[in-house]
1. What is the sum of charges, Lys and Arg at +1 and Asp and Glu at -1, for the other residues whose Cβ falls under 9 Å from the Cβ of A64?
2. Report the full-extension gain for the segment E163 to D191: residue separation times 0.36 nm, less the Cα-Cα distance, to one decimal in nm.
3. Can you compute the modelled spin-label distance between F90 and Q71, with each label point 7 Å from Cα toward Cβ, in nm?
4. Tell me, rounded to the nearest percent, the portion of alpha carbon pairs in segment 4-115 spaced more than 23 Å apart.
5. Checking the table K30/K162; K13/K202; K13/K203; K35/K202; K133/K202; K30/K72 against a 23 Å threshold on Cα-Cα, which pairs fail?
6. Could I have the simple spin-label model distance between D11 and T25, label points 7 Å from Cα toward Cβ, reported in nm to one decimal?
7. Between T144 and D171, what is 0.36 nm times their sequence separation minus the Cα-Cα distance? Round to one decimal in nm.
8. Each residue of segment 62-70 in turn: what ³J(HN,Hα) in whole Hz from Karplus with 6.51, -1.76, 1.60 and θ = phi - 60°, glycine and Pro shown as x?
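Only the coordinates and a few stated rules stand behind these numbers; no lab work does. Here the structure is a predicted model, which means the values were calculated and not measured. Heads up, the Cβs are rebuilt from the backbone with ideal geometry, glycines too, and the neighbour counts pull from every protein chain shown.
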Amino acid sequence: MINLREILNDDYKYDYISMDENDDTTEIWKINVSKNQKRNDNISIDIKFEMTNRVSSDFKIINANSLYFSQKKMPCPLCGSEDVVIAEEFEVDEDGYVAYSHNCEFEVNSVIEIAKEVYYLMLFEDYIENYLKDYEIHFVTEHTIGFAQLDPYLMYYVIDGKEVFHYDEVDKDMVEVCPFCNADQEIDSNDGYKMKCPTMTKKLNELIDLLRKKDISNKERKYLKETGSYKDYLKFYNNLIWKT
Ligand SMILES: [Zn+2]
Ligand SMILES: [Zn+2]
């Protein structure tokens with residue numbers, strides 16, 4: 001059995017291929033993932049999954065195939081099987097490269113994990129800008145920044161160093177409604193409840209860029225000045241200490 005996470009590690013490339021709605025409640029997604037390395041080793045994995053009611057716990061993997069290009073038929077580079085087929089959806093290119101595909105034996109849970117992760121990363125790319133429109137910077141220290149939609153109160157996030165957390169001072173349940181992940185690991189914290197947001201943490205640079213682009217309102221400026229954190233706010237925006 002192949003563990004897809006071990007093949008890809010954390011830093012992999014992904015592409016959206018298609019999304020078809022089967023009926024009102026079911027979507028069929030197809031994505032492609034590959035190792036993120038400079039010298040492309042010419043293999044990627046197509047994952048097709050089904051999701052019901054846009055609920056990530058209702059993910060079902062339909063299939064996962066390795067895909068590679070070769071001038072002549074050769075065994076699957078991932079598992080060595082000779083039982084490979086030509087991937088008909090690709091045309092033979094001018095150098096005679098043919099696309100081959102193999103239905104490798106993947107550990108299903110590792111495929112589900114990657115599929116969910118990619119789904120949320122794509123959701124983040126599509127919606128985060130819009131989502132942040134109603135968010136305000138709520139507090140800043142030299143190493144943390146908190147932003148939240150306060151009216152009506154929605155999700156509260158804290159960037160702390162290189163990680164992003166869902167956060168609430170008093171209510172544990174409030175830290176579980178992030179649309180960009182299904183985080184469930186509570187972090188011990190002295191002040192309130194914290195849960196790491198894996199999607200936002202992976203997209204930290206994009207998130208910080210968006211926060212920097214956001215115009216700070218007079219209300220926020222007043223608040224930050226009153227609480228004495230305006231200087232830290234400026235420092236945060238001028239100093240990209242969290243840039244990786
Ligand atoms: Zn294989
Ligand atoms: Zn989240």
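1. On the way: positive: K48; negative: D46.
Combined, the nearby Lys, Arg, Asp and Glu give 0.
2. Numbers: separation 28, 0.36 × 28 = 10.08 nm, distance 1.66 nm.
Length difference between fully extended and current span is 8.4 nm.
3. 1.6
4. Working: 1992 of 6216 pairs.
Tail of P(r) above 23 Å: 32 percent of Cα pairs.
5. Values: K30/K162 31 Å; K13/K202 12 Å; K13/K203 13 Å; K35/K202 16 Å; K133/K202 21 Å; K30/K72 27 Å.
Pairs exceeding the cut-off: K30/K162; K30/K72.
6. 4.2
7. Values: separation 27, 0.36 × 27 = 9.72 nm, distance 2.03 nm.
Extra length available between T144 and D171 comes to 7.7 nm.
8. Per-residue couplings from phi come out as 8, 7, 9, 10, 7, 9, 8, 10, 7 Hz.
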